[in-house]
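The values are calculated or read from the model by the stated rules, or taken from the named source; none is laboratory data. Keep in mind that what you see is a predicted model, and the values were worked out from it rather than measured. We place every Cβ from the backbone using ideal geometry, glycine too, and count neighbours over all the protein chains shown.
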Amino acid sequence: MIGRMTAPAAPMMLLRLKSRKLRFQMIADRASAALDIAALDGVEGAAAREYFTLLMQFNVSEMGWPGRVKHPATDPLNALLSLTYTLIMNELAGLLEAAGLDPFLGFLHQIDYGRPSLALDLLEPFRHPVADRLVLMLVNRRMLDASDFSSGGEGHGVFLTPKSMKRYFAEYERWMLVRVQNAASFRELLRTEVEKLCSALRNHSLVLPWHYREEPEGDA
C-alpha cells in the first residue's frame, strides 16, 4: 500500500480521481491519434504532469512535491524517483545485453548519446508499480525522511547520505524480490519482459507490455 486516506479525505479524493480519470481518457485518445513520435512525446508530457499530480496526493510525508524535477533532482522525492528509475533501467539494460539485444536502440525512446533507449522503453510499465510505489512506501512509513539527504551544492541536486543509501538499497532489493502476480517477483517480471520482446522479434509478432493489477493483500 502507498498510503491510507483518512475518512474525511476519502470523498474528496474520489472526486479528484474521477476528474483525473476523465483527463487521462482524453490524453489516451490523443495518444491513439498521434501521427509520429514527436506528437506522442507531447502527449506523454501532458500525461506525466497529470499522473504525478495525482500520485503525490498519496504522499503523506513531511516532504513537499515541487513537480517532477530531474537532471538534477532538487528535492528528496525527485531524487528517490530518479534513483529508482535508474536502477530498474540498468537491470533491464543488463538483461537486454545478455539476450543479445542492443539496449541503446529503442522504439519509442529515440537514440541519444549514452542513453539505453530500449531499456527505457521496457521500463515504462514498471515505473508506477515498482518505482513510484516503493518511493511512496519508504517516505510514508518514515523509513526515509529529509534528514537522510544532503545537498551536492548549487546546481548539483540532493542525494542520499551514504548511511541512508545502504538502507535504501536494502529496501530496494527486498522490494524487487516481493512475489506479486502469478507468484513472480518484480525482478523475474523484468526478465520475462525481455524474453517476450525477444520472442516477438523472432516471430515478427506483437508484444503486449506487462500490466500491473493492485492486489488486495500484502506489501506489493
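Can you find a residue in region 73-93 that is of a type outside the set (Val, Ile, Thr), part of a loop (DSSP other than H, G, I, E, B) and crowded, with 16+ Cβ neighbours inside 10 Å? Within region 73-93, one or more residues are of a type outside the set (Val, Ile, Thr), part of a loop (DSSP other than H, G, I, E, B) and crowded, with 16+ Cβ neighbours inside 10 Å. Whether any residue in region 19-36 is at negative phi, modelled with pLDDT under 75 and not in a loop (DSSP other than H, G, I, E, B) is what I want to check. Yes: one or more hits.
Considering (1) in contact with a helix residue (DSSP H, G or I) (Cβ under 7 Å, 6 or more places away or on another chain); (2) of a type outside the set (A, V, I, L, M, F, W, C); (3) outside the structural domain of Arg179 (by TED's automatic domain parsing), the lone condition that Thr84 does not fulfil carries the number (3).
A quick yes/no check of all residues on (1) among the aromatic types (Phe, Trp, Tyr); (2) under 25 Å from Asp145 (Cα atoms); (3) not assigned by TED's automatic domain parsing to the domain that holds Leu105:
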{"position": "Ser19", "(1), (2), (3)": "no, no, yes"}
{"position": "Gln25", "(1), (2), (3)": "no, no, yes"}
{"position": "Leu40", "(1), (2), (3)": "no, no, yes"}
{"position": "Gly45", "(1), (2), (3)": "no, no, yes"}
{"position": "Ala48", "(1), (2), (3)": "no, yes, yes"}
{"position": "Tyr51", "(1), (2), (3)": "yes, yes, yes"}
{"position": "Leu80", "(1), (2), (3)": "no, yes, no"}
{"position": "Asn90", "(1), (2), (3)": "no, no, no"}
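Return yes or no: is Arg142 surrounded by fewer than 17 Cβ atoms within 10 Å (Cβ to Cβ), at pLDDT 95 or above, out of contact with any strand residue (DSSP E or B) (no Cβ under 8 Å at 6 or more places or on another chain) and at positive phi? Yes, satisfied. Which of the residues that make up region 95-116 are surrounded by 15 or more Cβ atoms within 10 Å (Cβ to Cβ) and at pLDDT 95 or above? Leu95, Leu96, Glu97, Leu101, Pro103, Phe104, Pro116 - these are the residues of region 95-116 that are surrounded by 15 or more Cβ atoms within 10 Å (Cβ to Cβ) and at pLDDT 95 or above. Looking across region 31-60, the residues that are more than 20 Å from Ala131 (Cβ to Cβ) and out of contact with any Leu (no Cβ under 9 Å at 6 or more places or on another chain) come down to Ser32, Ala33, Leu35, Asp36, Ala38, Ala39, Gly42, Val43, Ala46.
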